[in-house]
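Asks: The structure's right below; bear with me while I get my questions together.
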Amino acid sequence: MAAGAVLAVAATVWPAATAGAAAPIVAAAGDVACAPGDPVTPTTCHQMQTSRLFVGNPAISAVLPLGDEQYEDGLLSEFQGSYDPSWGRALGKSHPVPGNHEYASGSNGNGYFAYFGARAGTAGRGWYSFHVGRWHLVALNANCTHVGGCGASSRQVTWLKHDLAAHHPACTLAYWHQARFSSGPEGNQPALDAIWKVLYSHHVDVVLSGHDHVYERYALQTPAQARDPRHGIREFVVGTGGKSLDQFTGAFTNGQFRQRRHFGVLKLTLHPHRYEWRFVDTSKHVLDSGDTDCH
């Protein structure tokens, strides 16, 4: 992009609220499908079980696959053999982001972009935004080395600043694969600090990520991970989509709930000025729930 160029961001026209209409629900998780042919065990390859938590459910307005949708190399043939018969049954409702496994073996995300097509944003980039009900949702690509970096002046972060400035709904949710803060084996990701700072400065409410194969919920916090109940962002790490489960290895700073024994998905009910969350395991037990007003 030439110096001084301005990214065009489409203006938003919000539909009128329908009296008595149910608030939309989104289902989210990452780290999903084992390689085709890998056997289901008590601790691996539960992508079919997690998909049953939302497939065919008309109450689910959108599915947010949080990266590493397909192991091990994210090849198109692997997507067709494993992800497609499980989570792919909700492809028409899906708004994915890529994980590191989508870039494995030098594939450069080709299988991911070929499988999801226009649902994954512009091929080679993978960031885009859309609306669910009265909420603005922003999908980002945290595979920084493959997209020109994630710094403050990078192409993606420049786009993000313009996108958030152009949309002013009551509530905003952003999501990508590698968690900025995590107590799992991958830990915190400082390379994503510039993204978090932009989101915080625009009063984004919720961030979703995966990467570590655990479920975590954090208190509202600043980019420096200080508690901020008025303007902070709540992060959920939901790497429990089916592949496997990890151990906790790091500090759980500002953490409020975490678990690593159950696969499942996070279901968010997106009211016009608040959100409710439920983490539901594959036995349909609710392990974590609550609600928070938007900023």
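Only the coordinates and a few stated rules stand behind these numbers; no lab work does. Just so we're clear, the structure is a prediction, and the values are computed from it rather than from any experiment. Cβ placement follows ideal geometry from the backbone for every residue including glycine, while neighbour counts extend to all protein chains displayed.
Asks: Compute the convex hull volume of the Cα atoms of segment 25-293, divide it by the residue count, and report the result per residue in Å³ as a whole number.
Replies: 109
Asks: If Lys and Arg each add +1 and Asp and Glu each add -1, what is the summed charge of the other residues whose beta carbon sits under 9 Å from the beta carbon of Gly67? Mind dumping the intermediate values first?
Replies: On the way: positive: none; negative: Asp31, Asp68, Glu69, Glu102.
With Lys, Arg at +1 and Asp, Glu at -1, the neighbours total -4.
Asks: Hey, another quick one. Show me the ranking of peptides 271-282, 109-120 by mean Cβ neighbours inside 10 Å, starting with the highest.
Replies: Put in order of decreasing packing, that is 109-120, 271-282.
Asks: Follow-up question, since we're still on this one. Could you tally the net charge around Leu266, taking each other residue with its Cβ under 12 Å from the Cβ of Leu266, Lys/Arg +1 and Asp/Glu -1?
Replies: -1
Asks: Short version: ³J(HN,Hα) in whole Hz for each residue of segment 117-125, in order, from phi by Karplus 6.51 cos²θ - 1.76 cosθ + 1.60 (θ = phi - 60°), x for Gly and Pro, what are they?
Replies: Working through the residues one at a time gives x, 4, 5, 9, x, 5, 4, x, 10 Hz.
Asks: Can you give the helix-only mean residue ellipticity at 222 nm for the chain, where every DSSP H stretch with n ≥ 4 adds -39500 (n - 2.57) and the sum goes over all residues, rounded to the nearest 500 deg cm²/dmol?
Replies: On the way: 4 runs with 33 residues, N = 295.
Result for the chain, helices only: -3000 deg cm²/dmol.
Asks: Right, next: Provide the net charge surrounding Ser283, with neighbours chosen by a C-beta distance below 13 Å and charges set as Lys +1, Arg +1, Asp -1, Glu -1.
Replies: Once positives and negatives cancel, what remains is +2.
Asks: For the chain, list the cysteines whose Cβ sits under 4.7 Å from no other cysteine Cβ?
Replies: Lacking a cysteine Cβ partner under 4.7 Å: no cysteine of the chain.
Asks: Determine the gain in length on full extension of the stretch Thr41-Ala22; use 0.36 nm per residue of separation and subtract their C-alpha separation, reporting nm with one decimal.
Replies: 3.1 nm
Asks: Could you give the alpha-carbon Rg of segment 30-115 over 2.2 N^0.38 Å, rounded to two decimals?
Replies: Taking N as the residue count of segment 30-115, the ratio is 1.02.
Asks: Let me ask something else. In whole Hz, what ³J(HN,Hα) sequence does segment 220-237 give by Karplus (6.51, -1.76, 1.60; θ = phi - 60°), x for Gly and Pro?
Replies: My calculation for segment 220-237 gives 4, 8, 8, x, 8, 6, 9, 5, 8, x, 8, 10, x, 9, 8, 9, 10, 9 Hz in order.
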